[in-house]
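Have a look at the structure below, then the notes.
The values are calculated or read from the model by the stated rules, or taken from the named source; none is laboratory data. Just so we're clear, the structure is a prediction, and the values are computed from it rather than from any experiment. Neighbour counts run over all protein chains shown; Cβ positions are idealised from the backbone, glycine included. All accessible areas refer to the heavy atoms of the entire protein, side chains included, with ligands and DNA or RNA removed. Shrake-Rupley method; radii C 1.70, N 1.55, O 1.52, S 1.80 Å.
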Amino acid sequence: MAELIVVRHGQAAFGQANYDQLSDVGHQQAKLAGQALAEMGWVPDRIITGTLERQRDTMTSMGFDQTREEHSGFNEYDFHDLLHARFDGAVPDLVLGDRKTHFRTLRETVLEWQDGGLAKAAESWVDFENRTAAALKFAIETDARRVLVVSSGGVIGQLVASTVSAPARMMMELNLQVKNASITKFIFSKNRVFLQGFNATPHLDATDTAHLMTYS
């Protein structure tokens, strides 16, 4: 069977005006992820990212320079838009600036979104489900035997949840566990996809790299 590895982008710029960029730590994480794949002898035949800067830069820092494809279905859901939809444009400063409050509120907001709330959001939950499914189909409808994707935590959570037929709410539980530059592996044949590994970070588990472990 063919293999699909989905890597979460490296650490982005939480709390900054432009979140969609890698921090210095993010670039280091991505480089180590690329080295880990190289050490395993895992060389992709095809590489894909979403259209976000942090995803593109992660792939570059991983060291893969062949022609990159893009599919917007691998883009993260717009959490700022969801928060603005929930708070009618007046998101409390604590939600934006305090990590613990931010992620607790984000979880609550996504669950409301899944239940059909947040009518003012630019993207519905159903639309998110459909575009991530389309992105997965794009990645596996190929003659390539090894496909490498760089995506984001919410998309990875949804890909895993849908692959194992978990309840929709499991997507968010998985989303909050996905580490930056982690490796999630699927195997596939034609239209059949199976989860083989989730959220692995062998490149960050060693004593000398453990300080680079992040979740946002």
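Computed quantities for the displayed model
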quantity	calculated
Members of the stretch 1-43 found to be closer than 20 Å to VAL160 by Cβ and either charged (D, E, K, R) or part of a loop (DSSP other than H, G, I, E, B) (or both), listed by number	MET1, GLU3, ARG8, HIS9, GLY10, TRP42
Filter result for the condition that a residue is more than 19 Å from MET213 (Cα to Cα) and modelled with pLDDT under 95, over ARG131, ARG104, ARG99, ARG146	ARG104
Any hit, the stretch 124-145, residues being in contact with a strand residue (DSSP E or B) (Cβ under 6 Å, 6 or more places away or on another chain) and open to solvent by less than 10 Å² (accessible area, probe 1.4 Å)	yes
Within the stretch 12-53, tally of residues that are open to solvent by less than 30 Å² (accessible area, probe 1.4 Å), at pLDDT below 95 and in contact with a Gly (Cβ under 7 Å, 6 or more places away or on another chain)	2
Members of the stretch 44-57 found to be touching a residue at least 60 places away in the same chain (Cβ under 8 Å), part of a loop (DSSP other than H, G, I, E, B) and within 20 Å of ILE156 (Cα to Cα), listed by number	PRO44, GLY50, LEU52
Entirely in the stretch 115-203, the helices (runs of 4 or more DSSP H) that have 2 or more residues that are without any contact (Cβ under 8 Å) to a residue 12 or more places away in the chain	125-140
Residue in the stretch 66-75 that is part of a loop (DSSP other than H, G, I, E, B), within 20 Å of SER152 (Cβ to Cβ), touching a strand residue (DSSP E or B) at 6+ places or on another chain (Cβ under 9 Å) and at pLDDT 95 or above present	yes
Among (1) touching a residue at least 60 places away in the same chain (Cβ under 8 Å); (2) small (Gly, Ala, Ser); (3) in contact with a Gly (Cβ under 9 Å, 6 or more places away or on another chain); (4) open to solvent by 10 Å² or more (accessible area, probe 1.4 Å) - the single one GLY63 does not satisfy	(1)
Selection within the stretch 76-98 - outside any helix (DSSP H, G or I) and more than 22 Å from GLN158 (Cβ to Cβ)	PHE87, ASP88, GLY89, ALA90, VAL91, PRO92, ASP98
Condition broken by ASN75, with the remaining ones in (1) over 19 Å from GLY197 (Cβ atoms); (2) surrounded by fewer than 20 Cβ atoms within 10 Å (Cβ to Cβ); (3) touching a helix residue (DSSP H, G or I) at 6+ places or on another chain (Cβ under 8 Å) satisfied	(2)
Hits in the stretch 101-122 (condition: open to solvent by 40 Å² or more (accessible area, probe 1.4 Å), within 20 Å of the chain's Cα centre (by Cα) and not hydrophobic (A, V, I, L, M, F, W, C))	ARG104, ARG107, GLU108
Near pairs, Cβ below 6 angstrom, 6+ apart or cross-chain, from the stretch 20-34 (touching a residue at least 24 places away in the same chain (Cβ under 8 Å)) to any residue that is hydroxyl-bearing (Ser, Thr, Tyr)	HIS27/SER61; ALA30/THR58; ALA30/SER61; LYS31/SER61
